[in-house]
Amino acid sequence: MAEPIILELKTCTLREWREGDEESLVQNANNKKIWDNVRDLFPYPYTRENAEWWIKEGCKKEGAFSLAIEVHGNAVGGIGFVFKEDIYRRTMEIGYWLGEEHWGKGIMTDAVQGITEYGFANFDVCRIYAGVFDTNIGSIRVLEKAGYQLEARLRKNITKNEQPVDELIYVMVR
Ligand SMILES: CC(C)(COP(=O)(O)OP(=O)(O)OC[C@H]1O[C@@H](n2cnc3c(N)ncnc32)[C@H](O)[C@@H]1OP(=O)(O)O)[C@@H](O)C(=O)NCCC(=O)NCCS
């Protein structure tokens with residue numbers, strides 16, 4: 001069996017999702033303020049069934065790499081990559097969310113820095129990018145603090161809550 005992945009960072013630990021995380025996952029993920037800033041694919045309301053599916057199947061989906069953000073022994077957020085294919089095969093997209101109770105403590109800056117370093121060291125990629133709503137000041141700040149650079153504004157690329165939103169592309173290349 002492969003070694004478990006455990007990234008011990010300053011403010012949190014990144015590790016694989018596991019059975020037993022369901023309750024904390026629902027508690028932290030079931031939040032309209034989170035849903036408003038992520039893809040519609042992320043459930044809202046976020047139910048126990050959604051959490052059970054995520055732990056059993058979702059987090060293990062081929063073509064992606066997903067870790068839990070653990071704080072004080074609980075999985076309170078998620079972070080990961082989606083691997084691009086074909087001519088984009090050396091590119092990954094990063095995505096993340098954190099339970100509201102833990103915002104503003106530097107946790108996501110730490111997590112993005114940690115997983116980015118891990119990503120470049122362990123996957124054959126030369127580009128990691130994030131697509132951020134231009135209204136998401138917190139996430140923009142996280143990416144800038146973690147060393148990502150603004151590359152593009154995709155005007156009205158997103159429709160969220162039936163409203164058009166500009167998407168900012170932040171990137172790190174190696
Ligand atoms: C955006 C999010 C990931 C930020 O995580 P976090 O752990 O609170 O961020 P950090 O504590 O590392 O903050 C990094 C910086 O952003 C600032 N910041 C964080 N949230 C902010 C907000 N809502 N408004 C303004 N600044 C904010 C912090 O003050 C800090 O800057 P500073 O060091 O200059 O003071 C978190 O709020 C979240 O999960 N939101 C919902 C889901 C989401 O947006 N996911 C990302 C999709 S691209």
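Looking at (1) touching a Lys or Arg at 6+ places or on another chain (Cβ under 9 Å); (2) away from the ligand (no atom under 13 Å from the Cβ), which is the one condition that is false for residue 11?
(2)
Please work out if residue 167 is among the charged types (D, E, K, R), within 13 Å of the ligand (Cβ to nearest atom) and part of a helix (DSSP H, G or I).
Criteria not met by residue 167.
Do you know which residues across the stretch 71-95 are surrounded by 22 or more Cβ atoms within 10 Å (Cβ to Cβ) and either out of contact with any Phe, Trp or Tyr (no Cβ under 8 Å at 6 or more places or on another chain) or under 14 Å from residue 123 (Cα atoms) (or both)?
Correct list: 76, 81, 92, 94.
The numbers here are math on the coordinates, done by the rules we state, and not lab data. Since this is a predicted model, take the numbers as computed values, not measurements. Reconstructed Cβ throughout: ideal geometry from the backbone, glycine too, with neighbour counts over all protein chains shown.
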